[in-house]
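This report refers to the structure that appears directly beneath it.
The values are calculated or read from the model by the stated rules, or taken from the named source; none is laboratory data. Because the structure is predicted, anything quoted here is derived from the model rather than measured. Neighbour counts are summed over all protein chains in view; Cβ atoms, including those assigned to glycine, are modelled from backbone coordinates with ideal geometry. The area values use the complete protein model at the heavy-atom level, side chains included, leaving out ligands, DNA and RNA. Shrake-Rupley method; radii C 1.70, N 1.55, O 1.52, S 1.80 Å.
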Amino acid sequence: MIDQLGPADVLLRERARSVADEIRDLARQADGAAPYGDAWQKAIRTLRDQGWLSMLIPSQYGGGGSNLLSLVIVQEQLARVDGGLANCISHEACSAVAINRAREDLRKECFERMLRGSLTCIAITEPDAGSDIGAMSTTAEAVEDGYAISGEKAVASLAGVADIFLIWAKTDPSAGTKGVSTFLTTREHPGIEVSEPFDSLGFRQLPHHRIVLDDLHIPSEALIGAEGKGLRLFAEALNVGRLGVCAQALGLALGAYEKALAFARERRTFGKRLVEHQAIQFKLADMFMAIESVRAFAYEVARFMEASQDLGGKPTGVYAAAVKAYASDMSVRITGEAVQILGARGLWKSNDVERLFRDAKVTQIVDGGNELMRIRVGEALANGFPR
Ligand SMILES: Cc1cc2nc3c(=O)[nH]c(=O)nc-3n(C[C@H](O)[C@H](O)[C@H](O)COP(=O)(O)OP(=O)(O)OC[C@H]3O[C@@H](n4cnc5c(N)ncnc54)[C@H](O)[C@@H]3O)c2cc1C
């Protein structure tokens, strides 16, 4: 690896790498167990103890106050062993970005709870509003002292254990995307019904649920920012999420490549080591080149987003979409090649690469399908980007 990092980031990477190796067995166990089981709890506790579930909580509230490059480095190393666990880091970072815009008292309370161990839930996607988020039909009706929220959310990660809920709903259903607002509430409020988690192909350490919001009454202070500005706030969190998915995709590819390379150096066929067959060398060379180039792109976008100071702005959105789509497509290709190099052993759960392959597929969908990423980049180019 060509080192693009300063000494502090190198240390962080080494720590993340060794913690990831320590929780490898837990990730494998959790993959085959019921959601939120003992192995999952232990792995999450480890991430929390390292401070990686509070990286974007500002330091004045006791959080990490980390920069985006550090967030990428940690997720990259964690995803070498599990994509869903790495995404939990991103998920909590996205929530912190949104919560940081809430009123001071609510922000302080939620950050304190997160630091004591509470997890969050981001509820925006609906049965008929995924990519087309403006089509959402959940409403937040103004009532005496606050809002009454009703509707259904289709895919809400960690909702089964979360204490803190970020909910997007329409305060003005006639205003399309400009009628969406963001609310912050906690599980104690009656009116949040969470289903059993879906049994998912990948990211099994990030269980996701359907939620029904049934006349959820919350005070007016629960509104984050102004009415109608919900999608702008969502863009800030989502761009951090897309950079995170890029880091997870990169780490999944790296983990699979490392396994494939180690295997190819040991396994012998036709009288020589697998790595000495040119067909396998070409595969490994392609994997190496893809990973190195995606890492350079990912770190540059992280630095760019950090410097831009505008997480919801257009350039940030275009680069976050571009790096997410590029990294996740690469990850599916590379993890698939790793399975191929291991042959039958690549299909065995005990060898991990099949899980990395399943997780890689998720990175093409989560936080926005890659078709939408290409639309975002393509439309920007048609409109004169980067000018
Ligand atoms: C593991 C996981 C965790 C998630 N966690 C959360 C969460 O915590 N909170 C939350 O609110 N959401 C969450 N999501 C939802 C996620 O953001 C959506 O799945 C995503 O935005 C796509 O929406 P959809 O699944 O409804 O697909 P759809 O919008 O139905 O799209 C289906 C397919 O068509 C493509 N497509 C859509 N429109 C177009 C178009 N115009 N042109 C070309 N192709 C198009 C899409 O890219 C996709 O491949 C999660 C998803 C996953 C996979």
Residue within segment 297-315 that is surrounded by 15 or more Cβ atoms within 10 Å (Cβ to Cβ), of a type in the set (Phe, Trp, Tyr) and touching a Ser or Thr at 6+ places or on another chain (Cβ under 9 Å) present: yes
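Consider Val275 carefully, then state whether it is open to solvent by less than 70 Å² (accessible area, probe 1.4 Å), under 20 Å from Gln4 (Cβ atoms) and assigned to a helix (DSSP H, G or I). Outline the logic, then answer.
Numbers: open to solvent by less than 70 Å² (accessible area, probe 1.4 Å): yes; under 20 Å from Gln4 (Cβ atoms): no; assigned to a helix (DSSP H, G or I): yes.
Spelling it out, it is not the case that Val275 is open to solvent by less than 70 Å² (accessible area, probe 1.4 Å), under 20 Å from Gln4 (Cβ atoms) and assigned to a helix (DSSP H, G or I).
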Counted residues, segment 212-234 - those being more than 15 Å from Gly312 (Cα to Cα), assigned to a helix (DSSP H, G or I) and of a type in the set (Gly, Ala, Ser): 2
How many residues does segment 53-111 contain that are within 16 Å of the ligand (Cβ to nearest atom), of a type outside the set (A, V, I, L, M, F, W, C) and assigned to a loop (DSSP other than H, G, I, E, B)? 1
Filtering segment 16-33 down to residues that are open to solvent by less than 70 Å² (accessible area, probe 1.4 Å) and within 19 Å of Glu196 (Cβ to Cβ) yields Ala30, Asp31, Ala33
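Pull up segment 132-163, narrow it to residues that are within 13 Å of the ligand (Cβ to nearest atom) and either charged (D, E, K, R) or touching a helix residue (DSSP H, G or I) at 6+ places or on another chain (Cβ under 8 Å) (or both), then point me to the one that is nearest to Thr120 (Cα to Cα).
Step one: of segment 132-163, the residues within 13 Å of the ligand (Cβ to nearest atom) are 132-136, 138, 151-162.
Filter once more, so that each one left must be either charged (D, E, K, R) or touching a helix residue (DSSP H, G or I) at 6+ places or on another chain (Cβ under 8 Å) (or both): 132-134, 152-153, 157-158.
Working: Asp132: 23, Ile133: 20, Gly134: 23, Glu152: 18, Lys153: 15, Ser157: 9, Leu158: 7 Å.
Step by step, filter segment 132-163, then rank; the result is Leu158.
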Within segment 181-200, is even one residue closer than 22 Å to Ala226 by Cβ and either free of Cβ contacts under 8 Å to residues at least 12 places away in the same chain or of a type in the set (A, V, I, L, M, F, W, C) (or both)? yes
Taking only segment 152-186 into account, find how many residues are more than 22 Å from the chain's Cα centre (by Cα) and assigned to a loop (DSSP other than H, G, I, E, B). 2
